[in-house]
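Written below as C-alpha cells is the structure these notes are about.
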Amino acid sequence: MAAIGEQARVAGLALAGVTVLVAEEPESVRRAWQGLPQGVALVIVTPAAADTLGSALL
C-alpha cells in the first residue's frame, strides 16, 4: 500500500505501515506515480494528486 500527496495529508498514514510518497507539486506527483515500488496493490491519493494524475488513475 502506498499514498501519494501533500505531506500534511499523507504523513499520518506511515503510522499504519503505508509507504508515503510526499508530492507537493504536480511534477513530483507524476514522478511518484511512475516510481511506485514493485508489488504495490493499493494507492491512496489526495484530491490534489488525483487532479494531477487525471486519467492515469483509470
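Checking ALA56 against (1) in contact with a strand residue (DSSP E or B) (Cβ under 9 Å, 6 or more places away or on another chain); (2) of a type in the set (A, V, I, L, M, F, W, C); (3) assigned to a helix (DSSP H, G or I), only one condition comes out false. Which one?
(1)
Determine whether the range 38-50 contains at least one residue that is crowded, with 18+ Cβ neighbours inside 10 Å and without any contact (Cβ under 8 Å) to a residue 40 or more places away in the chain.
There is no residue in the range 38-50 that is crowded, with 18+ Cβ neighbours inside 10 Å and without any contact (Cβ under 8 Å) to a residue 40 or more places away in the chain.
Residues of the range 1-36 being exposed (fewer than 13 other Cβ atoms within 10 Å of the Cβ), out of contact with any strand residue (DSSP E or B) (no Cβ under 6 Å at 6 or more places or on another chain), more than 19 Å from ALA56 (Cα to Cα) and among the small types (Gly, Ala, Ser), which ones?
Answer for the range 1-36, where residues must be exposed (fewer than 13 other Cβ atoms within 10 Å of the Cβ), out of contact with any strand residue (DSSP E or B) (no Cβ under 6 Å at 6 or more places or on another chain), more than 19 Å from ALA56 (Cα to Cα) and among the small types (Gly, Ala, Ser): ALA8, GLY12, ALA16, GLY17.
All of the numbers you see were taken from the coordinates with simple rules; none came from a lab. The structure displayed is predicted, hence computed values, not measured ones. Note: ideal-geometry Cβ built from the backbone for every residue, glycine included; neighbour counts use all protein chains shown.
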